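Novice: To start, I am sharing the structure in question, which I have written as structure tokens.
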Amino acid sequence: MKKLALSLLLVGALLVGCDFFTAPPTPTPAPTFVRKTPVPTPKEEISQPKAAAPTATVEGTVYTVQGGDTLFGIAQKFGTTVEAILKANDLSSPDKLSIGQKLTIPKKAP
């Protein structure tokens, strides 16, 4: 009986050493590749156009109307009158200015 018990013990030890009773290893999952969605770049903010440098013409100076400009303010800036700017640009009203509009500023009277 001792031989049988010893034999079973020996067989059991051999089986444990052979990993017979252990669970099979868990397979390593294959790496998954995630495609990055391109992030849109922020659009440039629309801002008021920068003040254009007045350009000289034969009739006077050309000025580009900016946000917040008034005909009175433009006339003061160039030392002329609202009426002179209205006449030089064939405008009927000083209240109808548009951003980006080109105005001819008549030369100052001597």
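Every read-out reported here was derived from the displayed coordinates using simple, explicitly stated rules and does not represent laboratory data. Please read these numbers as outputs of a predicted model, since none were measured by experiment. Here Cβ is always computed from backbone atoms with ideal geometry, including for glycine, and neighbour counts include all displayed protein chains.
Novice: Counting only residues that are closer than 11 Å to THR64 by Cβ and of a type outside the set (A, V, I, L, M), which one in segment 78-110 is surrounded by the most Cβ atoms within 10 Å (Cβ to Cβ)?
Specialist: GLN101
Novice: For segment 58-77, enumerate the residues that are surrounded by 14 or more Cβ atoms within 10 Å (Cβ to Cβ) and in contact with a strand residue (DSSP E or B) (Cβ under 9 Å, 6 or more places away or on another chain).
Specialist: Initial filter on segment 58-77 (surrounded by 14 or more Cβ atoms within 10 Å (Cβ to Cβ)): 60-66, 69, 71, 74-75.
Within segment 58-77, GLY60, THR61, VAL62, TYR63, THR64, VAL65, ASP69, LEU71, ILE74, ALA75 meet the criteria.
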